[in-house]
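S.K.: Take a look at the following structure, please.
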Amino acid sequence: YLNSPLITATKSFKRMEGRLPDFLIIGAMKAGTTSLHDYLDLHPDVFMSSPKELQFFPKQSYETKDIEWYKSFFKTDKKIAGASPQSYSKRHIDIYEGIPERIHKHIPNIKLIYILRDPIERYRSHLIESYYGGPWDKMPQFKEVDIYMKTSLYYYQLEEYLKYFDLNQIHITTLEELKTNRLETLNKV
């Protein structure tokens, strides 16, 4: 009985430990983060988190959850693991302040991917999403802080990351490159 296949398999079963991600797609909103996340998830050596926009480093989550909770979303034996919290490049919104510093504290060697889009097209897409599917109760607040325009200020968003990470840790690409040269863009990523 003790040498049965089920017992043998159970003895050799190793509980998979969680780990920290190797990279994050930090934005920008409405610039192709979902497409990039989904394309990378198709690669046999890449594990992408579910949920896509795993939120650990915003202050409220960071103060109520621990690093082991975060690691539990990255239980994989694949070579590379990543997540796509595109909201991490919205430093103009108070709940996202301090994220680069917190990431650096736990994962200083992480790679960051910042996909951007023609700022006018990104702005327009963001407005349309808010108008048709967004939180109506927050629309006046969004306009007050001009969330639509500030999300398209790409250097402003990256500036805070550059205080903690070398430029060689940040890969910048565009939605337009992903659309027109998908394979070449994915190989660069």
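S.K.: Kindly evaluate Q141 against the criterion of being of a type outside the set (K, R), modelled with pLDDT of 90 or more and either open to solvent by 50 Å² or more (accessible area, probe 1.4 Å) or part of a loop (DSSP other than H, G, I, E, B) (or both). Steps first, answer last, please.
M.R.: Details: of a type outside the set (K, R): yes; modelled with pLDDT of 90 or more: no; either open to solvent by 50 Å² or more (accessible area, probe 1.4 Å) or part of a loop (DSSP other than H, G, I, E, B) (or both): yes.
No; evaluated as a whole, the condition is false for this residue.
S.K.: Also, I was wondering about something else. Of the residues D66, D94, only one is over 30 Å from M149 (Cα atoms) and not polar (S, T, N, Q); which?
M.R.: Details: D94 fails: over 30 Å from M149 (Cα atoms).
Within the list D66, D94, the selection yields D66.
S.K.: Okay, next question. Pairs, please: C-beta under 6 Å, at least 6 apart or cross-chain, first residue over 15 Å from F56 (Cβ atoms) and in the stretch 88-106, second of a type in the set (D, E) and open to solvent by 30 Å² or more (accessible area, probe 1.4 Å)?
M.R.: R91/E160
S.K.: Of the residues in the stretch 84-98, how many are over 16 Å from I170 (Cβ atoms) and touching a strand residue (DSSP E or B) at 6+ places or on another chain (Cβ under 9 Å)?
M.R.: Summing the residues that are over 16 Å from I170 (Cβ atoms) and touching a strand residue (DSSP E or B) at 6+ places or on another chain (Cβ under 9 Å) in the stretch 84-98 gives 2.
S.K.: Taking the stretch 54-77 as the region of interest, how many residues are over 12 Å from E17 (Cα atoms) and surrounded by fewer than 16 Cβ atoms within 10 Å (Cβ to Cβ)?
M.R.: In the first step, residues of the stretch 54-77 are kept if they are over 12 Å from E17 (Cα atoms); the result is 54-67.
Restricting the remaining residues to those that are surrounded by fewer than 16 Cβ atoms within 10 Å (Cβ to Cβ) gives 59-61, 63-67.
Qualifying residue count for the region: 8.
S.K.: Need the failing condition index for S152 against (1) modelled with pLDDT under 95; (2) in a helix (DSSP H, G or I), just the number.
M.R.: Condition (2) is where S152 drops out.
S.K.: While we're on this one: Take S50 and decide whether it is among the hydroxyl-bearing types (S, T, Y) and modelled with pLDDT under 95. Lay out the reasoning, then the answer.
M.R.: Numbers: among the hydroxyl-bearing types (S, T, Y): yes; modelled with pLDDT under 95: no.
In short, no.
S.K.: Out of (1) under 24 Å from L153 (Cα atoms); (2) of a type in the set (S, T, N, Q); (3) open to solvent by 40 Å² or more (accessible area, probe 1.4 Å), the odd one out for Q86 is which?
M.R.: Unmet for Q86, out of (1) under 24 Å from L153 (Cα atoms); (2) of a type in the set (S, T, N, Q); (3) open to solvent by 40 Å² or more (accessible area, probe 1.4 Å): (3).
S.K.: Conditions first: (1) out of contact with any strand residue (DSSP E or B) (no Cβ under 8 Å at 6 or more places or on another chain); (2) modelled with pLDDT of 95 or more. W136 passes all but one, so which condition is the exception?
M.R.: Here W136 meets the rest and fails (2).
S.K.: From H126, H106, H92, which residue is farther than 30 Å from E176 by Cα and open to solvent by less than 70 Å² (accessible area, probe 1.4 Å)? Walk me through how you get there before you give the answer.
M.R.: Working: H126 fails: farther than 30 Å from E176 by Cα; H92 fails: farther than 30 Å from E176 by Cα.
Being farther than 30 Å from E176 by Cα and open to solvent by less than 70 Å² (accessible area, probe 1.4 Å) holds for just one of H126, H106, H92, which is H106.
S.K.: Checking H37 against (1) under 13 Å from the mean Cα position of the chain (by Cα); (2) without any contact (Cβ under 8 Å) to a residue 40 or more places away in the chain; (3) not in a strand (DSSP E or B), which single condition isn't satisfied?
M.R.: Result: H37 fails condition (2) only.
S.K.: Quick one: in the stretch 146-168, which of the residues that are open to solvent by 20 Å² or more (accessible area, probe 1.4 Å) and farther than 15 Å from E97 by Cα is nearest to the chain's Cα centre (by Cα)?
M.R.: Among those that are open to solvent by 20 Å² or more (accessible area, probe 1.4 Å) and farther than 15 Å from E97 by Cα, it is Y154.
The values are calculated or read from the model by the stated rules, or taken from the named source; none is laboratory data. Please read these numbers as outputs of a predicted model, since none were measured by experiment. Methodologically, a virtual Cβ is constructed for each residue, glycine included, from the backbone with ideal geometry; neighbour enumeration extends over all protein chains shown. Side chains are part of the model used for accessible areas, which takes the heavy atoms of the whole protein and leaves out ligands, DNA and RNA. Shrake-Rupley method; radii C 1.70, N 1.55, O 1.52, S 1.80 Å.
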